[in-house]
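One structure below.
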């Protein structure tokens, strides 16, 4: 019987002030699936987080509750029971030479690249017995026809060199759209993606119109981001959230490391010199 991994995936804003097209994934072994979900759900219940847990719901009142849940999620990464990857694009790199099909299907094409490369599956299982990949995608915001074509193409990944080299199977009937309200791993992933896009787009500096100070919710989100960044730096000292994570241990790091970022830069792109992010504050 083939071993199995479960891959949860989600996406966030398409365009931001400096960064956009955020895609995220959380990978865990099927053998850990029930325990991981039970542990996270138990904390949510203890903290009375009965509704859906989302970055957009972070407030000063809920900050400590979210921090506790985030800590549990990072503990799972530290213990190598969950791996997280986040991919995004930068506005200063403007794609060139795109055809009509690429422009129309940009969302799915980027999603496909994320699934194919972000977790370094090429280095996961060289020469090993088959691994089956079960993919749970948060509900896709497109037509049924486009989504069906996307799932079919994802299933074809098992014939791509990176997946063949690691003997990874992607049965099309194991690619499912799911409701994030029923999957706490997806909810934790949403919080992480939200925090990263919040900081990369300088939303921690936003002030309500006519106000000289930031709002209480923005301050709370800024504090949660800082806590998340500290937890990332425990895994990767001096981590830079806005660039592709390095591979000091070689290519195998792309799969084995618990947490990584990928700044996706189109092969053909021009640099927009006006898209310069202010110095860190």
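We did not get these values from a lab; they are worked out from the coordinates using the rules stated. Small disclaimer: the values here were computed from a predicted structure and weren't measured. Positions of Cβ are generated from backbone atoms using ideal geometry, with glycine treated the same way; all protein chains shown enter the neighbour counts.
Over the residues of the chain, the helix contribution to mean residue ellipticity at 222 nm works out to -12000 deg cm²/dmol, using -39500 (n - 2.57) for each DSSP H run of at least 4. Of all beta bridges that DSSP places with both ends in the chain, some 50 percent have antiparallel geometry. Summarising the strand pairing of the stretch 5-160, around 75 percent of its internal DSSP beta bridges are antiparallel. Each of the peptides 180-193, 41-54 was scored by the mean count of other Cβ atoms within 10 Å over its residues; in descending order, highest first, they stand as 180-193, 41-54.
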